[in-house]
Amino acid sequence: MKEAQVFLSAKDICKAFGPTRALVDVNIEIARGEVHGLIGENGSGKSTFSSIAAGAQTKDSGDFYIDGELYSPKNMTDAQNHGVSMIVQEMGTIPTISVASNIFAGRLEEFTKFGIVNFKEINRRANEILQQIGAADIKAETMTYRLNFEDRKIVEIARAMVCDPQLLIVDETTTALAHKGRTILYRLIEKMKEENKCVIFISHDLDELMSVCNVVTVLRDGHIIDTLFGEDITLQSMRRLMVGRDMADNYFRSDYEGSYSDEVVLEADNVTYGIVEKLNLQLHRGEILGLGGLSACGMHELGYILFGIAKTLTGKVVNRITGKEITSPIVATANKMAYISKERDKEGIILNATIRDNITVPSFDLLSGPMGFISTKNEEKLAEEQIKVMSIKCRNSRQRVSELSGGNKQKVVFAKWLARDCDVFILDCPTRGIDIGVKAAMYQLIYELKKQGKGVIMISEELPELIGMSDRIVLMKDGKITKEIARDKSVTEQTVIDYII
């Protein structure tokens, strides 16, 4: 590769967070016309590297160069001015301001004269950018809190394109996008490539990496392990380099009996809410029941219904173990039910709280002694037990959850329900946004729950996951069940697709 083609160079970049070395002497080059994938297990350093390159964090040592010139961004706006934009992994919009203000956040002084902000011009430019990226249906004047989760992410994409970047960094953004958002993003990436610009693309979806990237660099524990080009980018090579060992192509459960008890542990009877209409469903003891379909088919709403988050217009949900009707999350929790949300950081954990607090909150009633007093010692003991069981990588139980990698955050979510020894688990996209190593551990955990006689409902947008893990798959479309498929070796993605589209 000729030096003249290189846009961004990183030389001996190091970064540490306390005793944790997040990046160790990282050297990498991002060339023009390149979609450069960064992969690695959670905590490998890929997001840390990208956030430093985009001005969101500072490096401890080493140097960046853009077109051969020293580059040290003071903040993300400064990075944008140097041609580097980033779409962050977590939600990056401010809900209480307009779409236009979010798009030009940090740049409003460009529209200010004599202390007066020209909002008419801001709105005009924002609408122009939204139209350019293919999101003209989102209006600049709209308050951001009125948008759904995906459209807010599209606003972040628009913000990244404000300064016509030479390098676009996409940090696990596709996990928050459905068909509309992914189409917009993939089109932008292809356009960047055609215009001899460059993209850093971070994703846990290895199939997606293979289809999008022409170069892939693998990180492990803060170190660059290898860089793959062209035909060398294979599932097996990426998995091996990421985890340091060969992994079997199929890391789902290997049995095909699909056996479970006749005993029903949870039942939805004629439930209606949102798109879901007069639906009936039964979950059995020792069963992994997969719920699948397109993102808007109603399966996520059904998860809300089953845990009592959504109030049904018709019908009811009953925990058949206790005989109690599930009318709220409080009732569900009291009846040893667990719910893991698709929106982990918004609904599954308290980011600014400690690991200990997150794990113990659902179990306060079990921890409280006489007069309702909760022993700190008992809290600590319960948290430490679950940190060990789930192999959560952390300094100690008092570390804030916001400091953990995505996979370790998800382990905390599971840990809080395992600590309560729940009988029914409702899992909405439980492996979303986590690496293959943690995914394999999660699949093993879900299978162990089955073997313990727990009832598991697994809502998933990933067909291989549904086919690979479920005893029974219930497929949905437009709020209704279209097909039920029993576990069998002959079931393929094509078998499923016909009933969800």
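Below, the figures for the structure above:
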| quantity | calculated |
| --- | --- |
| Residue list for the range 324-352, filter: under 16 Å from GLY455 (Cα atoms) and in a loop (DSSP other than H, G, I, E, B) | ILE326, ASN335, LYS336 |
| Set ILE321, ILE326: member being out of contact with any helix residue (DSSP H, G or I) (no Cβ under 8 Å at 6 or more places or on another chain), of a type in the set (A, V, I, L, M, F, W, C) and at pLDDT 95 or above | ILE321 |
| Single residue of the range 124-150 satisfying the filter (in contact with a helix residue (DSSP H, G or I) (Cβ under 8 Å, 6 or more places away or on another chain) and either outside the structural domain of LEU177 (by TED's automatic domain parsing) or acidic (Asp, Glu) (or both)) that is surrounded by the fewest Cβ atoms within 10 Å (Cβ to Cβ) | GLU141 |
| Pairs where the first residue, in the range 433-455, is free of Cβ contacts under 8 Å to residues at least 60 places away in the same chain and the second is assigned to a helix (DSSP H, G or I), C-beta under 7 Å, 6+ apart | LEU445/PHE414 |
| Hey, GLU121 acidic (Asp, Glu), farther than 28 Å from ILE66 by Cβ and in the same structural domain as ALA79 (by TED's automatic domain parsing) or not | yes |
| Selection count, the range 312-323, where residues are among the β-branched types (Val, Ile, Thr) and part of a strand (DSSP E or B) | 3 |
| Tally, over the range 385-411, of residues that are in contact (Cβ under 8 Å) with a residue 24 or more places away in the chain, in a helix (DSSP H, G or I) and of a type in the set (D, E, K, R) | 4 |
| Residue within the range 305-323 that is surrounded by fewer than 14 Cβ atoms within 10 Å (Cβ to Cβ), polar (S, T, N, Q) and over 24 Å from ILE446 (Cα atoms) present | yes |
| Residue satisfying condition, being surrounded by 22 or more Cβ atoms within 10 Å (Cβ to Cβ) and touching a Lys or Arg at 6+ places or on another chain (Cβ under 8 Å), within set GLY18, GLY55, GLY37, GLY33 | GLY55 |
| Boolean, ILE94 is touching a residue at least 40 places away in the same chain (Cβ under 8 Å) and over 25 Å from LEU8 (Cα atoms) | yes |
| Test: residue in the range 173-189 that is in contact with a His (Cβ under 8 Å, 6 or more places away or on another chain), in contact (Cβ under 8 Å) with a residue 40 or more places away in the chain and assigned to a helix (DSSP H, G or I) | yes |
| Unmet requirement for LYS74, which otherwise passes all of (1) without any contact (Cβ under 8 Å) to a residue 40 or more places away in the chain; (2) assigned to a loop (DSSP other than H, G, I, E, B); (3) in contact with a helix residue (DSSP H, G or I) (Cβ under 9 Å, 6 or more places away or on another chain); (4) surrounded by fewer than 20 Cβ atoms within 10 Å (Cβ to Cβ) | (3) |
| Search result, residues across the range 361-376 that are aliphatic (A, V, I, L, M) and either loosely packed, with under 11 Cβ neighbours inside 10 Å or modelled with pLDDT under 75 (or both) | MET371 |
| Odd one out for ALA248, checked against (1) among the small types (Gly, Ala, Ser); (2) modelled with pLDDT of 85 or more; (3) more than 19 Å from VAL474 (Cα to Cα); (4) surrounded by fewer than 17 Cβ atoms within 10 Å (Cβ to Cβ) | (2) |
| Matching residues in the range 200-221 - criterion: being out of contact with any helix residue (DSSP H, G or I) (no Cβ under 8 Å at 6 or more places or on another chain) and among the small types (Gly, Ala, Ser) | SER211 |
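Here's the yes/no breakdown for (1) at pLDDT below 95; (2) in a strand (DSSP E or B):
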{"residue": "ALA440", "(1), (2)": "yes, no"}
{"residue": "TYR443", "(1), (2)": "yes, no"}
{"residue": "LYS450", "(1), (2)": "no, no"}
{"residue": "VAL456", "(1), (2)": "no, yes"}
{"residue": "ILE459", "(1), (2)": "no, yes"}
{"residue": "GLU465", "(1), (2)": "yes, no"}
{"residue": "GLY468", "(1), (2)": "yes, no"}
{"residue": "ILE473", "(1), (2)": "no, yes"}
{"residue": "LYS489", "(1), (2)": "yes, no"}
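The values are calculated or read from the model by the stated rules, or taken from the named source; none is laboratory data. Just so we're clear, the structure is a prediction, and the values are computed from it rather than from any experiment. No Cβ is skipped: glycine too gets one built from the backbone with ideal geometry, and neighbour counts run over all protein chains shown.
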